[in-house]
Each structure stands twice: as C-alpha cells, then as structure tokens.
1. Only one of these conditions is not met by Lys26: (1) outside any helix (DSSP H, G or I); (2) free of Cβ contacts under 8 Å to residues at least 24 places away in the same chain; (3) over 20 Å from Arg102 (Cβ atoms); (4) not aliphatic (A, V, I, L, M). Which number is it?
2. Within the range 237-270, track down each residue that is among the charged types (D, E, K, R) and either within 16 Å of ligand 2 (Cβ to nearest atom) or touching a residue at least 60 places away in the same chain (Cβ under 8 Å) (or both).
3. Assuming Val92 fulfils every condition listed in (1) surrounded by fewer than 19 Cβ atoms within 10 Å (Cβ to Cβ); (2) over 30 Å from Gln17 (Cα atoms) apart from one, which condition is it?
4. Among the residues of the range 106-130, count how many are free of Cβ contacts under 8 Å to residues at least 12 places away in the same chain and part of a loop (DSSP other than H, G, I, E, B).
5. Could you grab me the full set of residues in the range 165-190 that are closer than 21 Å to Met210 by Cα and either of a type in the set (Phe, Trp, Tyr) or surrounded by 21 or more Cβ atoms within 10 Å (Cβ to Cβ) (or both)?
6. Name the residues in the range 177-226 that are in contact with a Cys (Cβ under 9 Å, 6 or more places away or on another chain) and of a type in the set (Gly, Ala, Ser), would you?
7. Please work out if Leu119 is within 16 Å of ligand 1 (Cβ to nearest atom) and out of contact with any Pro (no Cβ under 8 Å at 6 or more places or on another chain).
8. Looking only at the range 197-216, count how many residues are basic (Lys, Arg), within 17 Å of Val44 (Cβ to Cβ) and within 16 Å of ligand 1 (Cβ to nearest atom).
Amino acid sequence: MLKVLVLGSAAGGGSPQWNCNSEVSKAVRSRTTGTSPRTQSSIVVTANNDEWFLFNASPDLGSQILNNSQMHPKKGLRHSPISGVVLTNGDVDHVAGLLTLRERQNLSVYAHARVHSVLKENSIFNVLNSDYVDRREMKMNVEFELKNKEGKGSGIFVEAFEVPGKIALWLEDESKGENFGTQEGDTIGLKISSAGKEKSFYYIPACAKMTSELSEKLKDSELVLFDGTLWKNDEMASSKVGEKTGQRMGHMNNSGPDGSIEAFKDLNVKKKIFIHINTTNPILLSDSSERKFVEENNWEVSYDGMEITI
Ligand code: MLT
Ligand code: MN
C-alpha cells in the first residue's frame, strides 16, 4: 500500500498568486464556485500510515502542515510524522520549505548532487543543522529505500531519473547560452514504489518534453502525477501576465500536438493527474472548456488535500 496526500497542487506562486489578478487568481480570491485556493507544489507519501516522506518542500509548508492533520505532531512534545524529504529540483517552490523544517528535528534529505551543492552554497540552509539533518545524495536510475535519520526503512522505495528540464530560475546564467547552464540532473522524475514493487507510481512535477525513454517507463503504469503547469505554451503572454513560454520555463504544455495529453494518449496509464498547475491555467476553473477536455481525456486535476491510495 502507498498513500499519497497532495499538500500543494499549484506551481510556483500558488493560486491565487499574491500579486496576480488574472482570471483564475481573481476567481479563486473571490471564492467563485468551482475554484479553490491551491498552495505550492508538494506531496507526502506513506507506506504505513505513520511515517511520511515529503516530496518537495514548498514555501507554503507551514500552512500545508497546519491544514492536513496527518502532518501534525502526534507523539510527545516534539514530533513530526515527516521522516524526511526528497527534492526533484532546486526551484524556490521545491526547496524554500526546507527553512520551515528547522528546530532540531531529525530528518533525512534526499536530492541529486547538483541540488545538494546549491543548498550547500547557500548558508541559510545551515538552519538544517547537520546534527539533526542528514543530507543524502540520490543516485540516478537505481532503486533504494527511503530511510529516516536513524537509518530505519520507511517501506517507500524510490528510483530517480533525469527528465528534460531547466536549471532553477534563481541559478540561470545568461552567459551560458540557450539553456542557461542547465545540466543533467537539474530536473528529475521519481518512480515511487512499495516493498517488492507491489505498488508504484510516478511523480514528475516538472518536465519539458516527452522522450521515448520516458514514455517507455510510464507505459502501463497505475498512476502518474505529471507537470500540469500550463495549458498552452504562450499562456503567460496571452494572459498578459508575462512573456516567458512554457518551454522557456522548462514545462511542457497540457494541450496541443506537443502537449502532455497527446503524449500520454497511447501509454495506457490507469490514473493520470496534473499537478504543479500555474494560476494562469484555465483547467483550474471547473466549468472551463479546457477542464472539460482534460476530463474527457481521462486526466484529473489535483487539488490541495487530494488523497490517493494504491
Ligand atoms: C518553475 O516550476 O518553473 C519554477 O518553480 C519557477 C519559479 O522558480 O518560480
Ligand atoms: Mn515550480
């Protein structure tokens, strides 16, 4: 058994985004029927209903813990059901919540060596005192069991793999050309399994392109939580809130011939869920034609507090 709880279903900035007055943010802010507030990108997973691993630590982590009783301290005066953290990239929406996890709590933090190195260079992350927090490098394409700080297995097994993407926005270096210094491992996807691979699913909150290697992996899987950032590549410009395209930001769009809905069409994935959804994306409005299209194609739109058991 694996239980997934979506703590944050939105992309960086959340929905509504603090400074955004575009259609979705406005509708959510005024509590329009068919909308709901969404916090920034994060899920938690457990294999025993007791210890959980956090996948990405969002800047909203404090309120996410408050709003989900599964995450409340339960045993004694100092306790957290969160045993550790797994990071899929170094983006602000995925690492800023690490700062919320200070206060002398034992944790293990798993990430690609690239992400660990930027955390190490930023001394503010030293609030995660090494007496309590063990930073562990995640090797690619090998399965391993997530363990707590003391080395106790969680029953959750992970295999990380590189996917097309981009270096974190705050690390972009224009002098390094078209990809701003992006290297392999800057964006990873995860296969998360229970013991003996009895159950497994994929968590890929950022992905710039469906490759044949990736589609081969995902084929026939039970559940995929996939990058749902934008409906279309030029959405920021057409919503008049920015210029960057989805491709420029390292995200493939949901719609169109190069989009994820099309790319998953023949993959026979049983349950497909969009996650990491930007506040400009019309699929966040339950009565939009885009949402209808998504649902007709057997995709679900994740929401904060969504629970999935496989
Ligand atoms: C992204 O997913 O593109 C990033 O989280 C953007 C950001 O850092 O705000
Ligand atoms: Mn993001």
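What follows is calculated from the coordinates using simple rules that are stated; it is not laboratory data. Every value quoted in this text rests on a predicted model; they were computed, and no experiment measured them. Cβ: placed from backbone, ideal geometry, glycine included. Neighbour counts: every protein chain shown.
1. (1)
2. Lys240, Lys244, Arg248
3. So the condition that Val92 fails would be (2).
4. 2
5. Listed by number, the residues that qualify are Gly165, Lys166, Ile167, Ala168, Phe180, Thr182, Asp186, Thr187, Ile188, Gly189, Leu190.
6. Selection gives Gly189 alone.
7. Against the criterion (within 16 Å of ligand 1 (Cβ to nearest atom) and out of contact with any Pro (no Cβ under 8 Å at 6 or more places or on another chain)), Leu119 qualifies.
8. First, pick out the residues of the range 197-216 that are basic (Lys, Arg): 197, 199, 209.
Filter again for within 17 Å of Val44 (Cβ to Cβ), leaving 199.
Then drop every residue that is not within 16 Å of ligand 1 (Cβ to nearest atom), which leaves none.
Here the count works out to 0.
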